[in-house]
Amino acid sequence: MSRRRKKLETKYLVRRVVFVLIVTVLLALAVRWLWGFLGLDGEPEGSSSSQPESSSQSSSEPESQPESESASQEPEEPASEGDSVPVDPTDWRLVLVNPTHAIESELDIELTQVGGYNFDSRIVENIQALLDAAQADGINLTIISGYRTLERSQVLYDNKVAEYIAMGYDEASARVEAAKWVAPPGTSEHHTGLAMDIVSSDYYTKYSDLVEEFADDPEAIWLKENCARFGFILRYPQDKVEITGINFEPWHFRYVGEEHAAKIMEQGICLEEYLDAVG
């Protein structure tokens, strides 16, 4: 009888333990639900459930990040970009006239005289400033050519062709050689009113014609070193003949604007190379 009682007591004890456990679990769930219902539920700091939200916010809403963090994520600009100069293809200062970019009719330009020659009125102040600065440095310069009409270029070109024919060249060869020194009509930069031929004031007491040796004279050296300050470039450098199609002319300077001139002269390139690089 005592053994049976012990079994019953054990059975009741097990049932009570199970009952207590069930009640405990139910109470815990009830408390959890009530905690969340009252809005007091919060994930422990650093829990995995908060990570997806943080990740999503940083990728899809970068504007909500602190300003310093957002700025640090922007791609860095190339170091060379700060040295570049924006180029407007319609910029009148950069018009390209050469053997492959000829004009067919006179350009509509307002002209003003400087030193007895016509130029685009927009660059007259730059020319005068260059002449004044040179004189202040003891350099005396004289302009010997400025704007040319198509008709004037035709005359100069024909005369140069005649010179080569007189030297024994056939007409075809004479035209090729003449074009290296005098641009055929339509291909001359002088049509733009932005180019000038400029030499020393006593040039013709030393030379009978325009010659490359002028490059060694103090006047030519000063022009090359200072032209960019006034928006001009040495248009036909000695090492760019294959690109320009024109022989070295240390007396020919072309206006392109101060910012472009600084880049071209600093890099030692010609206008064609500059336009190709920025175009």
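Under 5 Å between amide hydrogens, built in the peptide plane, is the criterion, and for LEU194 it picks out ASP120 among residues at least 5 positions away or on other chains.
What the stretch 121-279 shows is 46 Å² of accessible area per residue, with the surface traced by a 1.4 Å probe over protein heavy atoms. Per residue, the convex hull spanned by the Cα atoms of the stretch 216-279 measures out at 77 cubic angstrom. Protection proxy ranking for 147-155, 259-267, using the average of other Cβ atoms within 10 Å per residue and placing the highest first: 259-267, 147-155.
Taken one residue at a time, the phi angles of the stretch 195-206 give Karplus couplings (6.51, -1.76, 1.60, θ = phi - 60°) of 10, 9, 9, 9, 9, 6, 4, 9, 3, 7, 8, 10 Hz. Gly and Pro are set to x.
Here the stretch 122-272 has 48 percent of its accessible surface on carbon and sulfur atoms, given a 1.4 Å probe and all protein chains in place.
The values are calculated or read from the model by the stated rules, or taken from the named source; none is laboratory data. The structure displayed is predicted, hence computed values, not measured ones. Positions of Cβ are backbone-derived with ideal geometry, glycine not excepted, and every protein chain shown enters the neighbour counts. Note: areas computed on protein heavy atoms with side chains; ligands, DNA, RNA excluded. Shrake-Rupley method; radii C 1.70, N 1.55, O 1.52, S 1.80 Å.
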